[in-house]
Structure formats: C-alpha cells, structure tokens
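First comes the structure, then the notes that go with it.
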Ligand SMILES: [Zn+2]
C-alpha cells in the first residue's frame with residue numbers, strides 16, 4: 001500500500017462556488033431560493049410520470065427558471081475566480097479520482113449548447129453528477145465501489161455512488177487501516193442504484209451521496225447489522241473512522257443511535273480529544289442545534305452517512321436542464337404541450353398529470369380550454385430541482401491544522 005496525498009481543493013473550490021452563487025442569487029430581478037437546512041426532509045414527490053397517460057408526446061417546453069449555477073455567466077465567473085488557485089495546488093497525482101481544478105472548471109463552464117451536445121453524445125465526459133435531492137434525485141455516471149480486502153460490499157449491485165462519495169469512503173477506511181492495520185473489513189450496505197432514484201426501503205439513497213455502513217466491532221463480533229453495544233463495539237476503530245470522515249471528507253451528517261454515540265464520544269474524550277469540538281459534532285450531551293452525528297431510530301446496527309459532493313452536486317445543478325431536455329432525468333416539473341380535444345377540462349388534464357387544476361390553469365394564464373388549442377401541461381417528475389449548493393467548511397478540531405495535509409493511505413492506491 002502506498003500512501004496517497006489527500007487534496008483538500010474541493011473545499012476551497014466550494015467556498016468560491018458559494019460566493020459566486022450568492023452573488024448571482026442576489027442579482028437584481030432574481031429571487032434567492034431559500035436555503036435548505038441540513039437534514040430537512042425533502043418534500044414528498046409524486047411517482048414518476050415520465051409520460052402521463054392521455055398526454056401526447058411532444059417536445060417538452062422548459063419554462064422553469066434557470067438556477068444560479070445553470071448559467072454560463074455564473075460558471076465563467078466561477079472559472080475566473082477559481083483558476084488562479086490552481087497555481088498553489090500540489091502536483092496532481094494520477095489516480096482514478098484525481099482531476100485538476102482546471103479540468104473541473106472546464107466541465108462546469110460548458111455553455112448550455114455544449115452541455116446539451118455532451119449529454120446527448122458523450123454523457124460520460126461530464127463526470128459523476130448528483131442531481132436533485134437525496135430524497136428525490138438521480139445519479140449520473142455513477143462509480144461502483146471497488147472490491148477490497150478492507151471492506152465488504154453486502155449487496156454489490158447497490159454499491160454505486162459519485163466519484164467523490166467513493167473516494168471519501170476509501171479515504172476514511174484507508175485512514176483506519178493506516179492506524180489499525182489488522183482491522184476487520186468495514187461492512188458496506190446500500191449506497192445507490194447505478195442510476196440512482198428510489199431504493200427501497202429508504203427515502204434517501206437516491207443521488208449517490210448516502211451510504212449505510214457497519215460499525216467496527218471486537219473481532220469475534222464482526223458481523224454486518226450486529227447491534228453496537230459496549231460488548232460488541234470497537235470504540236477505537238469506530239472513532240478513528242468517524243474522525244476521518246469528519247476531518248478528511250465532506251460529511252453532511254451521520255445517523256447514529258444515542259447509545260452508540262455515548263460509547264464513541266466517551267472514548268474520544270478518554271483519549272484527549274477536545275471536548276468543545278466533540279460537543280459540536282455529537283448530538284449526545286450537546287447543546288449544538290446542528291450536530292453532524294445525530295440520533296435517528298434504527299441506527300444501532302449501522303451508521304448512515306450522507307456526504308456533500310461539491311463537484312457532483314455543482315455539476316448536477318448546472319446540467320439539470322440539459323439532462324431533463326434529453327430525458328436522462330425526469331424533472332420535478334416539465335411542461336408538455338397538449339392539443340385540446342372537445343370535452344377536455346383543466347381539471348381532467350391536471351388529474352392525468354398529477355398536479356392541481358389551478359396549476360394547469362395558471363400555466364396557461366387562465367385562458368379558456370378550447371378544442372384545437374395547444375395548451376401546456378405541467379407534469380410531475382421525480383428529480384427535484386435544486387438551485388443552490390451550500391457546503392459548510394469542515395468542522396476540524398482546534399490546534400494546528402495538520403488535518404488537511406495528513407498523509408492517509410487509501411487502499412485504492414494499491
Ligand atoms: Zn441509510
């Protein structure tokens with residue numbers, strides 16, 4: 001195993017992307033979409049109605065507002081803001097998940113026409129995209145979690161994520177292996193389906209950013225889905241893993257039962273981790289309203305980790321319209337032209353499309369529905385439109401920040 005250098009440039013890139021998004025969002029004549037608080041459940045979405053029965057197929061009209069990242073201007077601003085930063089980057093190593101800032105900026109800065117051509121003819125060249133939300137989304141150009149002696153895929157067919165998600169997982173497991181070479185394999189449950197979308201029995205796991213993971217156990221108790229207790233849990237390895245996730249990757253949150261949090265937090269305190277920092281990341285015995293590690297029912301047997309994907313989410317926002325136009329995704333709302341027949345009513349069309357009658361009426365400016373007239377029907381799809389990317393800076397422990405420069409061994413570097 002060869003130690004690989006961890007680059008933190010996506011974090012810097014995101015900070016710049018956020019500045020650009022904020023600037024564009026606040027531009028005159030544009031309303032800034034509401035920020036989505038971490039952990040806010042996505043609204044329920046109607047079942048996929050790619051083609052609503054009774055509604056004729058025709059070229060869809062996209063009348064939805066452009067998102068801040070979905071404009072060439074915003075991307076160009078992002079490009080000029082970010083490119084100089086590439087000069088400070090350490091020499092890039094060649095690896096499956098390494099891309100220079102310039103290469104990423106080039107992807108993100110394609111104009112609408114180029115994007116459209118790429119989606120139609122060379123989708124793979126756009127890289128991994130996490131589109132929509134974890135509870136109503138899609139995964140484009142998913143990457144399969146590779147095989148390794150350091151982890152075990154419980155259901156390999158459901159082990160697809162974005163490049164970033166796969167890289168983050170291998171990085172965090174690699175950090176544990178580096179510290180404890182004799183660890184049992186990490187058990188990896190569901191990530192996403194290859195194309196994302198609904199995955200039973202979960203509400204999330206749809207956009208390549210969610211993963212169910214086992215805990216590290218004492219050797220004789222190592223088994224997928226075993227409840228973590230003071231007798232079964234390997235606190236040192238589990239803490240090493242959680243710490244690596246939080247400090248070396250972009251984690252939105254980790255679901256972990258309170259009782260397991262107690263064991264892990266107590267261990268971290270016992271080895272001298274900073275108490276304030278622990279209070280900021282654990283929900284257990286903390287007043288922080290926004291902990292990363294949260295209790296949710298059912299997470300005594302496994303952890304659920306949701307990553308932020310600075311690159312895959314930015315590309316997902318940027319490409320949403322092109323993906324919808326080419327029907328790679330079924331967008332949240334698409335606008336379908338319809339030739340009215342005698343006896344049609346807005347209420348009837350609305351029922352077929354799975355939306356409110358008033359929505360159809362408003363879309364057509366309240367004009368009477370006459371036979372022979374073409375009207376536009378908004379049809380519900382299942383990939384939610386997202387307008388902004390909000391990745392907070394990593395919550396690092398106090399003291400000299402060696403974390404970003406930490407050399408971690410990734411088993412993928414073999
Ligand atoms: Zn899960």
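The values are calculated or read from the model by the stated rules, or taken from the named source; none is laboratory data. Since we're looking at a predicted model, the values are computed, not measured. Please note: Cβ atoms are built from the backbone with ideal geometry, for glycine as well, and neighbour counts cover all protein chains shown.
Only residues that are more than 15 Å from residue 323 (Cβ to Cβ) and either surrounded by fewer than 21 Cβ atoms within 10 Å (Cβ to Cβ) or touching a helix residue (DSSP H, G or I) at 6+ places or on another chain (Cβ under 8 Å) (or both) were counted in the range 97-134, giving 12. When residue 187 is tested against the conditions (1) surrounded by 24 or more Cβ atoms within 10 Å (Cβ to Cβ); (2) within 16 Å of the ligand (Cβ to nearest atom); (3) outside any loop (DSSP other than H, G, I, E, B), the lone failure is (1).
Filtered by the rule that a residue be at pLDDT 90 or above and not in a helix (DSSP H, G or I), the range 349-364 gives a lone residue, 364. Flag set for residue 328, criterion: part of a loop (DSSP other than H, G, I, E, B) and either within 16 Å of the ligand (Cβ to nearest atom) or more than 30 Å from residue 216 (Cβ to Cβ) (or both). Has the range 175-182 got at least one residue that is surrounded by fewer than 22 Cβ atoms within 10 Å (Cβ to Cβ), assigned by TED's automatic domain parsing to the domain that holds residue 283 and without any contact (Cβ under 8 Å) to a residue 60 or more places away in the chain? Yes: the range 175-182 contains one or more residues that are surrounded by fewer than 22 Cβ atoms within 10 Å (Cβ to Cβ), assigned by TED's automatic domain parsing to the domain that holds residue 283 and without any contact (Cβ under 8 Å) to a residue 60 or more places away in the chain.
Only one of the listed residues (269, 263, 248) is touching a strand residue (DSSP E or B) at 6+ places or on another chain (Cβ under 6 Å) and at pLDDT 95 or above. That residue is 263.
The single residue among 370, 349 that is touching a residue at least 40 places away in the same chain (Cβ under 8 Å) and over 28 Å from residue 319 (Cα atoms) turns out to be 349.
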